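The structure is given below, and queries will be raised subsequently.
The values are calculated or read from the model by the stated rules, or taken from the named source; none is laboratory data. Note that this is a predicted model, so its numbers are computed, not measured. Glycine also receives a Cβ, built like all others from the backbone with ideal geometry; neighbour counts cover every protein chain displayed.
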Ligand code: GDP
Ligand code: MG
C-alpha cells in the first residue's frame, strides 16, 4: 500500500486547485475580508462537493471570526476550513482492524460498474500478499467475459491465485467454489469481485444478497468485510449510489477510488457525514501500490499542502 505522502499530495492536486484554489483567488491580496468575499467563499464551498451543511458551518465560523478580528489573510481562512473538515473526517471512536483475524478472511467487494472494484481488489491482493498472506481471488463478476480477464491480469500482477469460470455461470456458484478452495488450501484472505450492473438494479441487489447467503451458509460470520467502491469523480451522485447499496447489503467500509484524477475529492466529507460507514481505503492511481488506508489527518494535511 502506498506510503508516499508526495504521491497522495499530488493525487489531490485537482481537488486542492478546485475549491481551495478558487477560495485563494476570491480572497486575493485582501487583508480584510468583507461580506462579499464571504459570500464568494460560500458559493465556492457549496460547489466544491463538500456538502451544504459543512459549507454552512464553515461560513458561520468565518463570519464569527471576521466579526472578532478585522485583520485577516487567506491562511486564517484555510485554517478554519481545514479544522472543520478534519473534525468531520476524524472520529476517535473509529479504530479499524485492517488485520485479517479469521481464516479465511472473506472480503466482498461491491459497487457500480466502472467505479474501480477490480482495480481495488488487485491492489488489496498485492498488499496482503506482501504482508505474507496467502491470497485467493474469486471472479464472481461473470456477466462480462472481460471482467474475468481483467481480474486475471490483476491476479498475475499481484502474484496470487484466482477461482474463475466461464462467462454466464451463476456468480454464487463461483463464490461457493472459491470458499471451498480457500478452506481446503488454508488461504488467509479471499477477495470476491462482483458485477456492478445486471439487467436491472433490483436484480443486482438480489444477486448480492444471494452471494451473501451462500457465503454465510459455508462460513456463518462471513463475509467479514463488505467494501463498497465509490468513484470520487461522481461527486454528490456517489452518495445516492451508496445509499442504494446500503439498503441492500451491510457495507462495512467505503473505498473512495480515483481521488487522483478528480476535482471532486471534497465529496469525502458528505460521504463521511451522510452514510454512517467509515471510509477505509482511498485509491490514488492505477498502479498496484496506489491504494492507501484512509487516515484523516494525513489526508487533510496532504489536501492542504500548497
Ligand atoms: P470496476 O468496473 O468497478 O471493476 O472498475 P475497474 O476496476 O475496472 O476500474 C475502472 C477504471 O477506473 C479503470 O480504467 C481503472 O484503471 C480506473 N481506476 C480504478 N481505480 C482508480 C484510481 O484510484 N485512480 C485512477 N486514476 N483510476 C482508477
Ligand atoms: Mg470489474
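Which of the residues spanning region 30-47 are part of a loop (DSSP other than H, G, I, E, B) and surrounded by fewer than 17 Cβ atoms within 10 Å (Cβ to Cβ)?
30, 31, 34
Let me ask something additional. Out of the residues in region 28-53 that are in contact with a helix residue (DSSP H, G or I) (Cβ under 6 Å, 6 or more places away or on another chain) and touching a residue at least 40 places away in the same chain (Cβ under 8 Å), state the one that is nearest to residue 233 (Cα to Cα).
49
Another question about this same structure. Would you list the helices (runs of 4 or more DSSP H) that sit entirely within region 103-201 and hold 2 or more residues that are in contact with a strand residue (DSSP E or B) (Cβ under 6 Å, 6 or more places away or on another chain) and away from ligand 2 (no atom under 13 Å from the Cβ)? Please lay out each step first, then the result.
Details: elements: 117-129, 145-158, 171-184.
Answer list for region 103-201: 117-129, 171-184.
I would also like to ask the following. Within region 209-259, work out how many residues are more than 24 Å from residue 295 (Cβ to Cβ), at pLDDT 95 or above, in contact with a strand residue (DSSP E or B) (Cβ under 9 Å, 6 or more places away or on another chain) and in a helix (DSSP H, G or I).
3
Here's another thing I want to ask about it. Residues to consider are 102, 90; find the one that is under 30 Å from residue 67 (Cβ atoms) and either under 19 Å from the mean Cα position of the chain (by Cα) or surrounded by fewer than 22 Cβ atoms within 10 Å (Cβ to Cβ) (or both).
90
From the list 151, 95, 137, which one is at pLDDT below 95 and under 21 Å from the mean Cα position of the chain (by Cα)?
Numbers: 151 fails: at pLDDT below 95; 137 fails: at pLDDT below 95.
After ruling out the rest, the residue left standing is 95.
Only one of these conditions is not met by residue 9: (1) in a helix (DSSP H, G or I); (2) buried (at least 17 other Cβ atoms within 10 Å of the Cβ); (3) in contact (Cβ under 8 Å) with a residue 24 or more places away in the chain; (4) more than 16 Å from ligand 1 (Cβ to nearest atom). Which number is it?
Residue 9 satisfies every listed condition except (4).
OK, next. Could you list, in sequence order, all residues of region 22-63 that are under 14 Å from residue 75 (Cα atoms) and more than 30 Å from the chain's Cα centre (by Cα)?
Correct list: 26, 27, 28, 29, 30, 31, 32, 33.
Tell me which residues, restricted to region 281-302, are outside any loop (DSSP other than H, G, I, E, B), within 16 Å of ligand 1 (Cβ to nearest atom) and surrounded by 19 or more Cβ atoms within 10 Å (Cβ to Cβ).
So the first thing to find is which residues in region 281-302 are outside any loop (DSSP other than H, G, I, E, B), and the list is 281-283, 291-293, 296-302.
Then drop every residue that is not within 16 Å of ligand 1 (Cβ to nearest atom), which leaves 281-283, 291-293, 299, 302.
281, 282, 283, 291, 292, 299, 302, listed by residue number.
Taking only region 246-264 into account, find how many residues are over 22 Å from residue 122 (Cα atoms) and either buried (at least 17 other Cβ atoms within 10 Å of the Cβ) or within 13 Å of ligand 1 (Cβ to nearest atom) (or both).
4
Residue 278 - would you say it is away from ligand 1 (no atom under 13 Å from the Cβ) and in contact with a strand residue (DSSP E or B) (Cβ under 6 Å, 6 or more places away or on another chain)?
So residue 278 passes the test.
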